[in-house]
Amino acid sequence: MHKLLETLLIGLSTGSIYALMSIALVLVWRSTRVVNFAQAGQAMLSTYIGFEIASRTEIFWLGLAFAIAAGALLGAGVDFFFMRVLFKHAVSGAAAVVAPVIATLGLLGLIRSIVGLIWGGEFKSIKAPASTDGFTIGETTIPFSALNLLVIGTVFSILIVLAIVFQRTNLGLSLRASAYAPEIAQLAGIKTARIRTIGWAIAGGVGGVAGMLVTSNNFLSPYSLDLLLVFGFIAAVIGGLESMVGSVVGALILGIALTFILNYVGTSLVFIGGFVVLILVLLVKPDGIMAKGKARRA
Amino acid sequence: MRKKIAFFIFLGWILLLIGDRVDELRVYQGAQIAMYTIALASIVLLTGYSGQVSLGNGAMMAVGGYSAALTLNNLGSPVWVAFLMAIVASALFGAFLGTAAARLSGPYLAGTTLALAVGLPEIANQFNFLGGVPGLLFDVGFPPERLGEEFTQYKWFFWIASFIALLALFITSNILQSRYGRTWRAIRSSPLAAELSGINSSRMKILAFTISSALAGLAGAVMAMTISLVAPGAYTLTLSFALVTGAVLAGVSSLPGVVFGALILVAIPEVADVVATRFGGGENLNNYLPTLIVSVLLILSVIFTPNGPGEKLRRHHHKKKI
């Protein structure tokens, strides 16, 4: 019974971090039609910056703030200096399908090597902002800790802020409009290019938070966020790659499913478990769990 | 056709001559180039021709490597049977995966195969018969005695790898020039038009996936031979990325380009090493300069010559004629 509860809670905590990553991927996909594999790299660089601040000032939250800022700047920069150039060289021919994928992979490698050149390959750790000792229920101690609770809390406050921005502000309306129908949004007076860059910035900031939260419970290295990218992508596909709510739900489902595999089946099968979940979703509901039919697809 | 066979035999003869004239390290790198050539051919067939992006070729190589190792160790079969098993097993796996993949496009497929590349090699850690982290031995044995005392192990690897690579390239180039190759290109340029001409595009895509996996599996077995073992650590995400990089740098739809791409993949660490020493070395520089060079090349080539350096030249040539 304890094991079941523990699995659910830990799954919720891991899943909530995947949710941030998948939201970042969905935001970029909706506005640019690119799955940004460099998101892991952007999150990594922001996390390293957050790590520097957090380890110098010993204040985790200041590090987090810097990571968000760095992530946002980086996201906007990638769109402005990289994606615009890529799309300007209107790609045609055999590589047209692969170009955006390859370009973001190249960017991932570039950021990874820059991080490696500056910080090296050794594992870094950020001092966790809360206790990592598990809670005790009655006589048994479960691995679910105050840190896990804090992670869930942080993620959900960010989700609420995002929901307010997207549903209640003009900026959110422009973001949704230019993702849904760029031409019409442009006719309505929205500067879609600028809005797109803002979307990338939000995605970058959210990715930065994901990186910091993962690292607070783990190590940071130039490769440590690759898994986050993969699981974030799977979560986004479960949600249909279009819907932010869907991707959050997808991430929570994935987090819980993977923790079940981890606790009940076998440690090394977690990674292939993600793949199996992905294939199942694509075979059964390729448009994602939130799909309501084709009508709303622009 | 006869001309082509003659050309490949001539190529083999040149490789034999080269193999006799260079030192041990170069021979080893030659075997690596042969291995990458096969692996890149699998990407050219899949991405360049049928238009599907796979980031999971490292996983396919793992399937091939492990099947070959299991055959060799448990059945005690001759080496060529092991290589054959690598092809068969990875082709079957590819057909299975292709059935799911044919319904996916672009980024979906890329992400799915990425998840595969991350997950599949880890399975080996779970089951004892796959050898866990240290992996399984893969020993093709000593070179035959009649080749002489001087004939080294690495040269034997080089011979086997080159022979397999030449054979694989020959077969692949024939497939690509056949009806199948043309059909794949038709699907890639316009799926709708292809369907209207009576092509079953999903079946053709599955076929492309199957053949491409078979090639990747073969490359995986060759790689296992050159490093004498199969282990999860050999078939990493980095390998999968490197393969895509090599294919793009060489021009993703040109089969002869794969040799060039393989050469780049083997040469870049060497070049980076020289540059790093020039700039005073340091551990970070040594470790990350290769990635830096590769990434910058990748980005530049995607932006400026997305279809490979060959295409720009051809187009230039074409313009001059007009």
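The values are calculated or read from the model by the stated rules, or taken from the named source; none is laboratory data. Please read all numbers here as calculations on a predicted model, not as lab measurements. Heads up, the Cβs are rebuilt from the backbone with ideal geometry, glycines too, and the neighbour counts pull from every protein chain shown. The area values use the complete protein model at the heavy-atom level, side chains included, leaving out ligands, DNA and RNA. Shrake-Rupley method; radii C 1.70, N 1.55, O 1.52, S 1.80 Å.
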Practice problem: Output the residue which, of all residues in region A:1-30 that are hydroxyl-bearing (Ser, Thr, Tyr) and within 14 Å of chain B (Cβ to nearest Cβ), is most open to solvent (accessible area, probe 1.4 Å). | Solution: A:Tyr18
Exercise. Run down B:Gly148, B:Gly131 and say which single residue is open to solvent by less than 40 Å² (accessible area, probe 1.4 Å), modelled with pLDDT under 80 and within 14 Å of chain A (Cβ to nearest Cβ).
Key: B:Gly131
Quiz prompt | Residues satisfying the stated conditions in region B:176-188, i.e. open to solvent by 80 Å² or more (accessible area, probe 1.4 Å), without any contact (Cβ under 8 Å) to a residue 60 or more places away in the chain and either closer than 24 Å to B:Thr112 by Cβ or in contact with a Phe, Trp or Tyr (Cβ under 6 Å, 6 or more places away or on another chain) (or both) | solution = B:Tyr180
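Being facing chain B (nearest Cβ under 8 Å) and part of a loop (DSSP other than H, G, I, E, B): is that true of A:Leu241 here?
Yes; evaluated as a whole, the condition is true for this residue.
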Quiz prompt | Residues of region B:244-260 satisfying the condition of being under 16 Å from B:Ser162 (Cα atoms) and assigned to a helix (DSSP H, G or I) | solution = B:Val258, B:Val259, B:Phe260
Exercise. Can you confirm whether region B:63-74 contains a residue that is more than 20 Å from B:Ser254 (Cα to Cα), open to solvent by 30 Å² or more (accessible area, probe 1.4 Å), of a type in the set (Val, Ile, Thr) and within 14 Å of another protein chain (Cβ to nearest Cβ)?
Key: no
Quiz item: Only one of B:Gly246, B:Gly251, B:Gly233, B:Gly217 is of a type outside the set (S, T, N, Q) and open to solvent by 20 Å² or more (accessible area, probe 1.4 Å); which?
Solution: B:Gly233
Self-check item: Candidate set: region B:274-285, residues that are open to solvent by 70 Å² or more (accessible area, probe 1.4 Å) and not aromatic (Phe, Trp, Tyr); chosen: the one farthest from the chain's Cα centre (by Cα)
Solution: B:Arg278
Exercise. Specify which of the listed residues (A:Gly41, A:Gly71, A:Gly77) is within 28 Å of B:Phe304 (Cα to Cα), surrounded by fewer than 24 Cβ atoms within 10 Å (Cβ to Cβ) and among the small types (Gly, Ala, Ser).
Key: A:Gly77
Practice problem: Name, by its number, the condition in (1) within 14 Å of B:Leu97 (Cβ to Cβ); (2) of a type outside the set (Asp, Glu); (3) without any contact (Cβ under 8 Å) to a residue 60 or more places away in the chain that does not hold for B:Ala208. | Solution: (3)
Practice problem: Give the residue that is nearest to the other protein chains (Cβ to nearest Cβ), with candidates limited to residues of region A:115-134 that are more than 10 Å from B:Asn284 (Cα to Cα) and surrounded by 15 or more Cβ atoms within 10 Å (Cβ to Cβ). | Solution: A:Lys124
Quiz item: Counting just the residues of region B:109-128 that are open to solvent by 20 Å² or more (accessible area, probe 1.4 Å) and at the interface with chain A (Cβ under 7 Å from one of its Cβ atoms), which one comes out farthest from the chain's Cα centre (by Cα)?
Solution: B:Gln126
Quiz item: Pairs under 6 Å by beta carbon, first residue within 13 Å of B:Met61 (Cα to Cα) in region B:234-261, partner of a type in the set (S, T, N, Q) and at pLDDT 85 or above, six or more apart or different chains?
Solution: B:Ser240/B:Asn57; B:Leu243/B:Asn57
Exercise. Assess whether B:Val266 counts as being hydrophobic (A, V, I, L, M, F, W, C), under 30 Å from B:Pro191 (Cα atoms) and either touching a residue at least 60 places away in the same chain (Cβ under 8 Å) or not in a helix (DSSP H, G or I) (or both).
Key: no
Quiz item: Within region A:233-255, how many residues are touching a Leu at 6+ places or on another chain (Cβ under 6 Å) and under 23 Å from A:Thr132 (Cβ atoms)?
Solution: 0
Quiz prompt | Flag if A:Ser113 is among the polar types (S, T, N, Q) and in contact with a Pro (Cβ under 9 Å, 6 or more places away or on another chain) | solution = yes
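Test B:Ser197 against the stated conditions and say whether it is open to solvent by 20 Å² or more (accessible area, probe 1.4 Å), farther than 30 Å from B:Val296 by Cβ and of a type in the set (Gly, Ala, Ser).
yes
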Exercise. Answer with yes or no whether A:Leu262 is facing chain B (nearest Cβ under 8 Å), of a type in the set (A, V, I, L, M) and either surrounded by fewer than 22 Cβ atoms within 10 Å (Cβ to Cβ) or assigned to a helix (DSSP H, G or I) (or both).
Key: no
Quiz item: Restricting region A:181-220 to residues that are over 23 Å from A:Gly77 (Cα atoms) and not hydrophobic (A, V, I, L, M, F, W, C), which is farthest from the other protein chains (Cβ to nearest Cβ)?
Solution: A:Gly189
Quiz item: So which residues in region A:273-292 are open to solvent by less than 70 Å² (accessible area, probe 1.4 Å), more than 7 Å from chain B (Cβ to nearest Cβ) and not in a helix (DSSP H, G or I), if there are any at all?
Solution: A:Asp287, A:Gly288, A:Ile289, A:Ala291
Practice problem: Give, as residue ranges, the helices (runs of 4 or more DSSP H) completely inside region A:136-220 that count at least 2 residues that are of a type outside the set (A, V, I, L, M, F, W, C) and surrounded by 22 or more Cβ atoms within 10 Å (Cβ to Cβ). | Solution: A:192-216
Practice problem: Return yes or no: is A:Ser224 surrounded by fewer than 24 Cβ atoms within 10 Å (Cβ to Cβ), more than 24 Å from A:Thr32 (Cβ to Cβ) and polar (S, T, N, Q)? | Solution: yes
Quiz item: Taking region B:166-201 only, how many residues are of a type in the set (Gly, Ala, Ser) and in contact with an Asp or Glu (Cβ under 9 Å, 6 or more places away or on another chain)?
Solution: 1
Quiz item: Just checking, which of A:Gly75, A:Gly50, A:Gly109, A:Gly63 is within 13 Å of chain B (Cβ to nearest Cβ) and small (Gly, Ala, Ser)?
Solution: A:Gly109
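Residues checked against (1) closer than 26 Å to A:Asn148 by Cα; (2) touching a Phe, Trp or Tyr at 6+ places or on another chain (Cβ under 8 Å); (3) not small (Gly, Ala, Ser):
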site	(1), (2), (3)
A:Ala236	yes, yes, no
A:Val249	yes, no, yes
A:Ala257	yes, no, no
A:Phe260	yes, no, yes
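Restrict the check to region B:82-91 and report whether at least one residue is more than 22 Å from the chain's Cα centre (by Cα) and either more than 13 Å from every other protein chain (Cβ to nearest Cβ) or closer than 30 Å to A:Arg33 by Cβ (or both). Break it down stepwise before answering.
Residues of region B:82-91 that are more than 22 Å from the chain's Cα centre (by Cα), as a first pass: none.
Within region B:82-91, none of the residues are more than 22 Å from the chain's Cα centre (by Cα) and either more than 13 Å from every other protein chain (Cβ to nearest Cβ) or closer than 30 Å to A:Arg33 by Cβ (or both).
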